[in-house]
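The values are calculated or read from the model by the stated rules, or taken from the named source; none is laboratory data. Computed from a predicted structure; not experimentally measured. Note that each Cβ is placed from the backbone with ideal geometry, even for glycine, and that neighbours are counted across all protein chains shown.
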Amino acid sequence: MKKYLKTYPDKCIACRACESVCSNLYFKEDNPEKSCIRITQLADAVEMNACNQCEACAKACPTQALTITHQGVVMVNKSLCISCYMCIAACPTNSMHRYHGGIYPFKCISCGACTKACPVEAIKVVQE
Amino acid sequence: MKKIDRKLIAEYSYTLKPVEKGYNRRTLYINVGENKIMEKPVSDMMIDKFVGGKGFDLYLLWHAIKDSTQWNDPENEICISFGPLCGNTNYPGSGKSIVTTISPLTGIPIDSNVGGHFGPYTKFAGFDALEIQGKADEEVIVYIDGDSGKIQILSAPDEEINSHIIAENLIAEFCDAEGKEQFVSVVSSGTAADYVDISCLNFSFWDKRRKVARLKQAGRGGIGRVFRDKKIKALVVKFSGLKGDTNHPVDLDTLQKTGLKLHREIEKGDSSQCHMRECGTAHLTEIMNDYDLLPIKNFKYGQDDAAKGLASWEFKKMFTQNMPDGCWYGCSLACCKAVDNFIPRTGPYKGHKVCVDGPEYETVGGCGSNICIWDAKDVAEINFYCDTYGVDTISFGTATAFAMECWENGILDMAKTGGLDLSWGNADSALELLHQMARGEGFGVIVGKGVRKMKALFAKEYGADPDFLQDIGMEAKGLEYSQYMSKESLAQQGGYTFALKGPQHDEAWLIFMDMVNNHIPTFEAKAEALHYFPMFRTWFGLQGLCKLPWNDIEPEDNAQTDEPAKVPEHVQNYVDIYKAITGKPMDKHELIRQSERVYNFQKVFCMRMGKGRLIDDIPPYRAVGPVTEEEYLSRQDRYDKQLLEKVGIDPKGLSLKEKMQKTRAHREDQYRQLINAVYKRKGWTPEGVPTLEHLSAIGMDLPEVLEVVKRYL
């Protein structure tokens, strides 16, 4: 089973409410660089990026600091993480992140806070 | 596991403090003979002139021994150092320890670069280097507890010596609890190191997925023999506090970004470049065979159809795939492959399920092609027993190849080998040699003395022609050659034979540049390469780094740069991470100067111990050209063509013997011209002595150095 964010870019209006709620929730600041979901406004479309819980990062982790919950969500265990960032390079969707001044990588854990903030229902938490 | 009743022989407590900018500013001295443990400060001079890593090792060793010190004198030390960049988890290949001692094979300092967790953990436990001196009265282990700040010398009454067992036993004994094994690392050797000089040390790292102690080797130069001569069974370190900034860099962001850039390069490029993640360095075997560079029959030939039995695809089938096989955290190049659940068919562990670390390319060449063993499983078994017994696979391969060629020439027979048939390719005999080394008996102990001592013995005891033995015995300075053919690359003949510790390719690997691409055609160009690359590669040993992420993965646009052989973008990466960790100024020129100081110090160190002379830089002719008629005939078209085009002698009408003589005269003359050009470029006299002016110019004019040099000027 996997619990992950399903995105609908055709609905997205790039208001960035999702980025704001995410970074505020986890880093107590309104900063898109610290959001687990990323919105990119392209010339004629919007790109939405969030982890699909594919587990490629967990396979790459040398300390097994990326654990998988019973719901199929990949979590960073900071007590084991040594911040090598091999997970960031291994992520096929560029959904594992770092930020200037930080130590640990971070990622979407399918908490769903962004879904509630989205005014146009462009994000859903699904279980498959 | 049976609990070991240990006696506490000595104990020392120290103050824990964080690493700052890559340095602890103190080293650890342990005398297992006098049961003395103390800290020593690291001075600004040490950092400025010796940097760290191999530089610290050599500096400490120099001041610990006398000119007359032999490998088995109590004052000889084993020094292990780590370097300021060692232990960062961001940049691939940053977990190396460098081990030095006075070698039983060469009588001069050997330096061996090794992965595993012992080095970084000992650094983070609080020390920039570790010196071990003296000889213990009884078997001991040394325990460094980096969590509580305590060092102990403990008795080691009854446990195993062989590394694959003792490493796991000690990890289980010293870890805080099950599930915390990854915080403990062990240095050990093996039973063969009690008897033979071609011995190594194993540095462990706990593999969380396989749940085994993996073993990386400080292979070259017989350090295991010194270790066991001191009656040390193991060094153990525990450090549980590793984080992404434990090295306390001044600019973590640059370090993280530079490391991530290389991770991404590897992620994208490895599967189309070197396949390190699939096969490790064993990917090289078929490439070397294709280019006539894979050693076969004691370096007679460079190519054989049978080598397909040792090709990377054979090992890929054996290596467990898709594992983060780095020997230190954060190495995404992940070259240290393993054969899981391997079942040896011989020896004391016959029928056991074991994990084999490797085989790497050097082991495939030495323990495979060079002795005509073409079955990958046999190579894996030799690899396993070499590691656990504490035997260097490179020296074992080259020494066994020498013995097999002596057998082929009738110098050895069943009576002399104690009933072992040393025909090419006899895997059973090769394995039995190893088991004999571990038992300290039979002809294995003779082979374990290394090629130089075998040459003297076979000439004296068996009446063998010493000139022939000199020609085919692939050693220089007493160390066995590693596993590349250098006959067609003059630059590589120098790369091997000028190497300060003996013929190991870690100073320079110039074969493709020289032989394949013809990028360094003149003596001056070769000399420049034999200056730059040994200096550049020395830098890895000063910092605690691995060479592989420098040029076993290259940026996509590397070929379009002005100097692709140097991989300029990666050189800049090293400049950037050095500055990011230490906060000290650095550029690509200062990088070379740092190395040049330590390199020349090591050169003078060799002179102090009675070597480092011109005569020590002369290779056996097997490394230079065809010794035997069959060798010449096997590549007759090539050699005849060279006589005509390079020497200006028409081979038509010449006898085979005449052609061989003229080829030899030409090649040896070329090598002499190379020596002149290289010594000049390195700032040395025609006899290979660093000049006072050069030592002053590079800042290595310490009084103790000049005192030695003046003896030779």
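What to note about this one:
- Scanning the stretch B:332-359 for residues that are closer than 20 Å to B:E286 by Cα, touching a Lys or Arg at 6+ places or on another chain (Cβ under 8 Å) and not hydrophobic (A, V, I, L, M, F, W, C) yields one hit, B:G358.
Each row is one residue, and each column tells you yes or no for (1) within 14 Å of another protein chain (Cβ to nearest Cβ); (2) over 30 Å from B:E441 (Cα atoms); (3) surrounded by fewer than 24 Cβ atoms within 10 Å (Cβ to Cβ).
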site: B:G115; (1), (2), (3): yes, yes, no
site: B:D128; (1), (2), (3): no, yes, no
site: B:I144; (1), (2), (3): no, yes, no
site: B:E159; (1), (2), (3): no, no, yes
site: B:I166; (1), (2), (3): no, no, no
site: B:G179; (1), (2), (3): yes, yes, yes
site: B:Q182; (1), (2), (3): yes, yes, yes
site: B:L215; (1), (2), (3): no, no, no
site: B:G224; (1), (2), (3): no, no, no
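- In the set B:V598, B:V567, B:V627, only one residue is among the hydrophobic types (A, V, I, L, M, F, W, C) and outside the structural domain of B:L695 (by TED's automatic domain parsing); that residue is B:V567.
- Subset of the stretch B:339-396 (residues that are part of a helix (DSSP H, G or I) and basic (K, R)): B:K377
- Conditions (1) without any contact (Cβ under 8 Å) to a residue 12 or more places away in the chain; (2) assigned to a helix (DSSP H, G or I); number of the one not met by B:G419: (2)
- Some residue of the stretch B:657-679 being of a type in the set (A, V, I, L, M, F, W, C), under 33 Å from the mean Cα position of the chain (by Cα) and under 19 Å from B:F601 (Cα atoms): yes
- Residue under evaluation A:S23, criteria (1) under 22 Å from B:L260 (Cα atoms); (2) away from chain B (no Cβ under 12 Å); (3) in contact with a Ser or Thr (Cβ under 7 Å, 6 or more places away or on another chain), criterion not met: (1)
- Among the residues of the stretch B:578-589, the ones that are closer than 18 Å to B:G544 by Cβ and part of a helix (DSSP H, G or I) come to 5 in all.
- Selection of the stretch B:696-713 for residues being over 27 Å from the mean Cα position of the chain (by Cα) and more than 22 Å from B:I615 (Cα to Cα) yields B:S696, B:A697, B:G699, B:D701, B:L702, B:P703, B:E704.
- So B:G222, is it touching a Pro at 6+ places or on another chain (Cβ under 9 Å) and either closer than 30 Å to B:I144 by Cα or at pLDDT 95 or above (or both): yes
- Subset of the stretch B:602-657 [basic (K, R), at pLDDT 95 or above and under 30 Å from B:L706 (Cα atoms)]: B:K603, B:R608
- Taking the conditions (1) over 24 Å from B:S188 (Cβ atoms); (2) surrounded by fewer than 22 Cβ atoms within 10 Å (Cβ to Cβ); (3) away from chain A (no Cβ under 14 Å) in turn, B:S369 satisfies each one other than (2).
- Every residue from the stretch B:276-286 that is of a type outside the set (S, T, Y) and either crowded, with 20+ Cβ neighbours inside 10 Å or out of contact with any helix residue (DSSP H, G or I) (no Cβ under 9 Å at 6 or more places or on another chain) (or both): B:M276, B:R277, B:E278, B:C279, B:G280, B:A282, B:H283, B:L284
- Among the residues of the stretch B:492-545, those identified as free of Cβ contacts under 8 Å to residues at least 24 places away in the same chain and among the polar types (S, T, N, Q) are B:Q492, B:N517, B:N518, B:T522.
- B:G95 vs. criteria within 14 Å of chain A (Cβ to nearest Cβ), touching a Ser or Thr at 6+ places or on another chain (Cβ under 8 Å), within 21 Å of B:A167 (Cβ to Cβ) and part of a loop (DSSP other than H, G, I, E, B): no
- Scanning the stretch B:531-570 for residues that are surrounded by fewer than 19 Cβ atoms within 10 Å (Cβ to Cβ) and of a type in the set (V, I, T) gives a single hit, B:T561.
- Of residues in the stretch B:231-243 being of a type outside the set (A, V, I, L, M) and surrounded by fewer than 24 Cβ atoms within 10 Å (Cβ to Cβ), the one nearest to the other protein chains (Cβ to nearest Cβ): B:K243
- When B:K662, B:K588 are screened for being over 27 Å from B:W62 (Cβ atoms), at pLDDT 95 or above and surrounded by fewer than 16 Cβ atoms within 10 Å (Cβ to Cβ), only B:K588 passes.
- Selection count, the stretch B:422-453, where residues are in contact (Cβ under 8 Å) with a residue 60 or more places away in the chain and under 22 Å from B:A307 (Cα atoms): 4
- Number of positions in the stretch B:84-113 that are buried (at least 24 other Cβ atoms within 10 Å of the Cβ), small (G, A, S) and farther than 28 Å from B:M276 by Cα: 1
- Identification of helices (runs of 4 or more DSSP H) wholly contained in the stretch A:41-128 with 1 or more residues that are within 10 Å of another protein chain (Cβ to nearest Cβ), within 29 Å of B:K261 (Cα to Cα) and at pLDDT 95 or above yields A:56-60, A:86-90.
- Positions within the stretch B:184-213 being surrounded by fewer than 24 Cβ atoms within 10 Å (Cβ to Cβ) and either more than 15 Å from B:E160 (Cβ to Cβ) or in contact with an Asp or Glu (Cβ under 8 Å, 6 or more places away or on another chain) (or both), in sequence order: B:Y195, B:W206, B:D207, B:K208, B:R209, B:R210, B:K211, B:V212
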